[in-house]
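Since the structure comes first, as structure tokens, the remarks are kept for the end.
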Amino acid sequence: MGKTISEKIFSTKAGSPVQAGDLVIAQVDMAMGQDGTTPLAIRSFEDMGGKSVFDPSRIIFIIDHNAPSPLEAVSHLHDLMRQFATQYGVRLFDVGCGVCHELMMAQGLVVPGDLVIGADSHTCTYGAIGAFSTGVGSTELAAVMISGKLWFKVPETIRVILNGTLPRGVFSKDIILYLAGQIGADGATYQAVEFSGPVIDRMEMDERFTISNMAVEIGAKAGLMAPDYKTLAWLKNRARRPYQSVYPDPDAMYQSTRTFDCSGLVPHVALPHRVDTVKPVDEVADVPIREAFLGTCTNGRAVDIEIAARILRGKVVHPDVRFIIAPASREIFLTALEKGWVETIVTAGGVFVSPGCGPCVGTHQGVPGDEWNVISTANRNFKGRMGNNKAAIYLASPATVAASALAGKISDPRKYLG
Amino acid sequence: MILMILKGKTHCFGNDINTDYIISGRYKFKTLDMNELGKHVMEDIDPDFARKVAPGDFIVAWKNFGCGSSREQAPRALLACGIRGILAKSFARIFFRNAINCGLVALECNTEGMESGVELEINLTEGKIVNLQGGNVITASPLPDIMIDILNEGGLIEYIKKYGSFQKRVSSSSR
Ligand code: SF4
């Protein structure tokens with residue numbers, strides 16, 4: 001019987017052939033922690049009696065969630081990470097480098113066929129380059145830092161095939177929001193998803209990352225895509241290790257196969273406070289907006305800032321709206337500066353904050369007021385997510401967010417994309 | 001060895017209770033003091049929750065408990081506020097692992113019709129949950145062996161302290 005991508009990666013990393021349902025103890029290629037989870041991992045590491053790390057070159061710390069620090073207490077936690085990194089020779093990306101998931105991929109730290117764990121739920125993003133990557137908790141990160149290993153249950157896989165042609169003004173974010181609505185927030189719990197089909201084939205890597213990033217929003221353990229020539233081109237000059245791409249066998253066993261036609265898709269919006277309450281943009285058009293946010297590990301990349309600049313060029317953000325942009329990395333910020341997108345957006349009234357998570361998780365840099373409606377390119381809209389449980393968060397594509405920032409209400413971006 | 005018989009009162013919740021609700025990002029970034037975090041558990045959906053919990057109590061929920069972020073502060077803050085175990089129809093996987101790793105009991109079972117304020121007795125060895133008022137018994141899905149081993153040690157910290165790494169099966173005494 002053939003194997004899925006997950007079964008193949010776990011067979012390699014566990015050192016013997018395994019299939020869905022097996023419990024394995026596997027060698028981890030990369031372990032990542034960010035500033036919301038690593039301080040607790042360091043505490044666990046010490047409580048476990050950790051004296052050394054299994055391989056410092058395979059552990060990465062990133063300060064992105066609360067960066068730069070808004071509070072003295074947070075500065076202490078950041079220093080705890082810096083001290084540990086220095087002591088054990090672990091590489092640390094400090095304030096301003098960018099969002100953990102963007103850095104792990106753009107810096108070539110993850111390669112196809114890898115097994116990666118990260119103490120952050122959106123670690124599943126790296127599935128877009130064909131790595132099995134998944135989120136863990138702080139104590140598991142500590143266990144991996146010591147032993148280099150972790151136990152897993154090899155997941156079953158749901159195959160999602162995306163057929164057709166994506167219409168103009170409709171983006172990969174609209175696809176994954178639509179899928180969340182169709183599959184549900186727990187539709188793929190404990191399972192992996194393999195995305196494929198002509199729509200994926202035509203996407204650039206940046207667009208694919210958005211889809212794998214949100215696999216966890218349908219409960220999935222991983223959101224995988226088989227590498228193709230675009231993946232390999234993207235990895236060229238980035239990958240820091242040699243690698244072997246992993247492809248599913250033609251006769252692989254899937255838990256189920258779901259096929260979607262994207263040709264008729266329209267821009268979609270997730271309504272507060274659930275990512276799977278999803279509606280076509282027209283059905284929520286005219287909801288007044290007080291804050292718009294473009295950024296995050298889902299949609300803070302160069303293409304996302306570019307589309308916002310295209311929509312805002314020569315126009316002015318609605319006076320009732322604070323439009324906040326957080327580039328996902330320093331490199332992306334530099335590209336946006338060089339291409340003139342920053343100037344366009346700032347002239348239009350947008351506010352750039354430092355590369356990192358920005359207001360995504362509600363600790364600083366754009367906490368909304370009471371009764372505010374926020375439209376955001378993030379992946380989560382739970383009540384209180386952005387730091388105020390009396391605000392309501394709508395999720396959409398960067399184009400829809402930029403169009404809504406202009407109009408002061410939720411708007412279909414297609415009318416701005418001439 | 002963990003306590004194999006647990007007793008406590010129930011606090012009921014619905015579907016999709018996410019980690020932001022369990023402990024908001026507003027608090028979790030500021031401190032590693034779990035007792036402080038324990039005071040704010042479930043605050044956004046039930047402001048009085050922490051005050052209502054007596055040590056040893058259980059949370060009973062429906063589908064997808066613990067969805068959202070990977071924050072281990074969620075199960076740790078629940079433990080700090082006195083919650084000993086969670087019964088749910090299903091869990092989000094990272095939360096499920098985190099809970100067991102911290103020594104918080106997490107059992108998948110049919111929670112249909114359960115009410116708040118009911119006294120339960122949980123026999124972990126047998127995976128049986130008894131409603132001490134109504135008398136009815138439900139059975140939980142068995143945990144993977146490795147999770148039982150981790151729970152038996154009192155959590156992953158103790159487990160790694162003892163074994164240094166993950167072992168396929170370390171104890172056979174657990175059931
Ligand atoms: S951008 Fe948001 S979702 Fe992504 S890692 Fe940061 S806080 Fe998490």
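The values are calculated or read from the model by the stated rules, or taken from the named source; none is laboratory data. A quick note: this is a predicted structure, and the numbers were derived from the prediction, not measured. With ideal geometry, Cβ positions are generated from the backbone for all residues, glycine too; neighbour counts draw on all protein chains shown. Accessible surface is based on the protein model in full, side chains and every heavy atom, while ligands, DNA and RNA are left aside. Shrake-Rupley method; radii C 1.70, N 1.55, O 1.52, S 1.80 Å.
Listed here are the helices (runs of 4 or more DSSP H) enclosed by the range A:30-140 that have at least 3 residues being more than 14 Å from chain B (Cβ to nearest Cβ) and polar (S, T, N, Q): A:72-88. For A:THR134, the test of being in contact with a Lys or Arg (Cβ under 6 Å, 6 or more places away or on another chain), within 15 Å of the ligand (Cβ to nearest atom) and in contact (Cβ under 8 Å) with a residue 40 or more places away in the chain is passed. Evaluated against (1) within 30 Å of A:CYS124 (Cβ to Cβ); (2) surrounded by fewer than 15 Cβ atoms within 10 Å (Cβ to Cβ), B:GLY134 falls short on exactly one condition, (1). Just one of the listed residues (A:THR400, A:THR347, A:THR335) is over 18 Å from the mean Cα position of the chain (by Cα), away from chain B (no Cβ under 14 Å), open to solvent by less than 10 Å² (accessible area, probe 1.4 Å) and more than 14 Å from the ligand (Cβ to nearest atom), namely A:THR400. Evaluate the range A:197-216: report whether one residue or more is open to solvent by 10 Å² or more (accessible area, probe 1.4 Å) and within 13 Å of chain B (Cβ to nearest Cβ). Scanning the range A:197-216 turns up at least one residue that is open to solvent by 10 Å² or more (accessible area, probe 1.4 Å) and within 13 Å of chain B (Cβ to nearest Cβ). Consider the range A:286-296 and keep the residues that are modelled with pLDDT of 95 or more and open to solvent by 10 Å² or more (accessible area, probe 1.4 Å). The one that is nearest to the ligand (Cβ to nearest atom) is A:ARG290.
Could you give every pair whose Cβ atoms fall below 7 Å, whose first residue belongs to the range B:32-53 and is free of Cβ contacts under 8 Å to residues at least 60 places away in the same chain and in a helix (DSSP H, G or I), and whose second residue is of a type in the set (Val, Ile, Thr) and open to solvent by less than 80 Å² (accessible area, probe 1.4 Å), counting only separations of at least 6 or pairs across chains? These pairs meet every condition: B:LEU37/B:ILE23; B:LEU37/B:THR31; B:PHE49/B:VAL41; B:ALA50/B:VAL41. Condition check: crowded, with 16+ Cβ neighbours inside 10 Å and away from the ligand (no atom under 16 Å from the Cβ). Does A:TYR229 satisfy that? For A:TYR229, the condition - crowded, with 16+ Cβ neighbours inside 10 Å and away from the ligand (no atom under 16 Å from the Cβ) - is not met.
From the list A:GLY356, A:GLY362, which residue is within 26 Å of A:ALA73 (Cα to Cα), touching a helix residue (DSSP H, G or I) at 6+ places or on another chain (Cβ under 6 Å), touching a residue at least 24 places away in the same chain (Cβ under 8 Å) and within 16 Å of the ligand (Cβ to nearest atom)? Every option except A:GLY362 fails the conditions.
Scanning the range B:57-69 for residues that are in a loop (DSSP other than H, G, I, E, B) and open to solvent by less than 20 Å² (accessible area, probe 1.4 Å) yields B:ASP57, B:ASN64, B:GLY66, B:GLY68, B:SER69.
The residue that is nearest to the ligand (Cβ to nearest atom), among those in the range A:297-312 that are away from chain B (no Cβ under 14 Å) and open to solvent by 10 Å² or more (accessible area, probe 1.4 Å), is A:ASP304.
A:TYR190 - would you say it is more than 16 Å from the ligand (Cβ to nearest atom), more than 17 Å from the chain's Cα centre (by Cα) and within 14 Å of another protein chain (Cβ to nearest Cβ)? Judged against the criteria, A:TYR190 is a match. Restricting A:PRO272, A:PRO280, A:PRO267, A:PRO250 to residues that are away from the ligand (no atom under 16 Å from the Cβ) and open to solvent by 80 Å² or more (accessible area, probe 1.4 Å) narrows the list to A:PRO250. If you check A:ALA106, A:ALA85 for being touching a residue at least 12 places away in the same chain (Cβ under 8 Å), away from the ligand (no atom under 16 Å from the Cβ) and among the small types (Gly, Ala, Ser), only one passes: A:ALA85. Annotation note: of B:PHE49, B:PHE13, B:PHE58, B:PHE65, the sole residue that is over 24 Å from B:ASN123 (Cα atoms) and at pLDDT 95 or above is B:PHE49. Assessment of the range A:132-146 against the conditions (farther than 26 Å from A:ILE176 by Cβ and open to solvent by 10 Å² or more (accessible area, probe 1.4 Å)) yields at least one matching residue.
Within the range A:356-384, track down each residue that is aliphatic (A, V, I, L, M), at pLDDT 95 or above and crowded, with 22+ Cβ neighbours inside 10 Å. A:VAL374, A:ILE375, A:ALA378, listed by residue number. Does the range B:12-58 hold any residues that are within 26 Å of A:ASP276 (Cα to Cα) and touching a strand residue (DSSP E or B) at 6+ places or on another chain (Cβ under 8 Å), and which are they? Within the range B:12-58, B:CYS12, B:PHE13, B:GLY14, B:ASN15, B:ASP16, B:ILE17, B:ASN18, B:THR19 meet the criteria. Considering only residues that are within 16 Å of the ligand (Cβ to nearest atom) and of a type in the set (Ser, Thr, Tyr), look in the range A:36-82 and name the one that is nearest to the chain's Cα centre (by Cα). Among those that are within 16 Å of the ligand (Cβ to nearest atom) and of a type in the set (Ser, Thr, Tyr), it is A:THR37. Scanning the range A:153-182 for residues that are more than 10 Å from chain B (Cβ to nearest Cβ), part of a strand (DSSP E or B) and farther than 14 Å from A:PHE195 by Cα yields no hits at all. May I ask you to verify whether A:SER11 is free of Cβ contacts under 8 Å to residues at least 12 places away in the same chain and more than 23 Å from B:LEU156 (Cβ to Cβ)? Yes.
Among the residues making up the range A:365-375, a single one is away from chain B (no Cβ under 14 Å) and either within 15 Å of the ligand (Cβ to nearest atom) or farther than 20 Å from A:HIS273 by Cα (or both): A:VAL374. Cβ-Cβ distances below 8 Å connect no pair with a first residue in the range A:30-44 that is over 15 Å from A:ASP55 (Cβ atoms) and not assigned by TED's automatic domain parsing to the domain that holds A:LEU77, a second residue that is open to solvent by less than 10 Å² (accessible area, probe 1.4 Å) and near the ligand (Cβ under 10 Å from one of its atoms), and a separation of six or more residues or different chains.
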